[in-house]
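What follows is a short report on a single structure.
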């Protein structure tokens, strides 16, 4: 197939992802880069994406690994190719999917960063140090509510900055979150997060802007909605090793360590596929071993001897 036709097929697939699948522009851009990288690799094998076989796809993955690309990134690129070839197969543009039976890199072994529970507590103690600012009290209440929500709900930073006041149901201890692809989910809030939000809504938000310019939940001192970069800098100031994404992982990690099952964590985080949540399986297995040692009669009998 000529190169221009090949480019046209790629554009059609990206349009399908954006329009029919509802993927965000940044996600579509990442898919476009992955497909372009794959096409560039295939030029050296005298093949095209529509004519590539399983050997070429496997060779591409090996090529990435040899050049130091992390297994998590390789797994994402393979996921991109799986989606692309599935679309081509359903559209009858190809007769065989070359990604079938290809093993994904063991990206679950790359454990996400997570803070210790004591480190999260220390961050909470540091919130609210806006000294010498005329709106210091309001800023402190806002910042505490932000950090509590990142940890309590495990929300993405884009989800947090997009929250509106009407998305909260504090009496029920929950909030409505709009995730990737504009998919909505209900996220529960713990008692401490609810208390922080109540304090922010009654005393903090009115102190920041008596007449807010919009209905977004978290506002700047000028009454505008906060940006993702601003929240990132807030978390970084509290702990240089932390970020909103690390807070999200910390929420999930601590839940699994305390007995939550992976399906519950999947629902909380808004993962479309349980395989994404299985990165936390090592935590569940560790707890399972500890419970087994503590409660299995053969183990307790041996310990008593």
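The values are calculated or read from the model by the stated rules, or taken from the named source; none is laboratory data. Not measured: the values here are computed from a predicted model. Cβ atoms come from the backbone with ideal geometry, glycine included; neighbour counts cover every protein chain shown.
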TODO: Could you check, for segment 35-53, whether at least one of its residues is at positive phi and either out of contact with any helix residue (DSSP H, G or I) (no Cβ under 8 Å at 6 or more places or on another chain) or not in a loop (DSSP other than H, G, I, E, B) (or both)?
DONE: yes
Task: Complete set of residues in segment 17-26 that are assigned to a helix (DSSP H, G or I) and buried (at least 16 other Cβ atoms within 10 Å of the Cβ) - done: 17
Task: Selection from segment 204-217 of residues that are in contact (Cβ under 8 Å) with a residue 40 or more places away in the chain and assigned to a loop (DSSP other than H, G, I, E, B) - done: 215, 217
Open item on the list: For residue 108, only one of the following conditions fails: (1) modelled with pLDDT of 90 or more; (2) assigned to a helix (DSSP H, G or I). What is its number?
Closed with: (1)
Open item on the list: Which condition from (1) in a helix (DSSP H, G or I); (2) out of contact with any helix residue (DSSP H, G or I) (no Cβ under 9 Å at 6 or more places or on another chain) is the one that residue 68 breaks?
Closed with: (1)
Open item on the list: Would you confirm whether or not segment 245-254 contains a residue that is surrounded by fewer than 17 Cβ atoms within 10 Å (Cβ to Cβ) and either within 19 Å of residue 113 (Cβ to Cβ) or over 16 Å from the mean Cα position of the chain (by Cα) (or both)?
Closed with: yes
Task: So residue 201, is it in contact with a helix residue (DSSP H, G or I) (Cβ under 9 Å, 6 or more places away or on another chain), touching a residue at least 24 places away in the same chain (Cβ under 8 Å) and either in a loop (DSSP other than H, G, I, E, B) or over 21 Å from residue 115 (Cα atoms) (or both) - done: yes
Open item on the list: For segment 168-198, which positions are surrounded by fewer than 19 Cβ atoms within 10 Å (Cβ to Cβ), in contact with a strand residue (DSSP E or B) (Cβ under 7 Å, 6 or more places away or on another chain) and either assigned to a helix (DSSP H, G or I) or on the phi > 0 side of the Ramachandran plot (or both)?
Closed with: 173
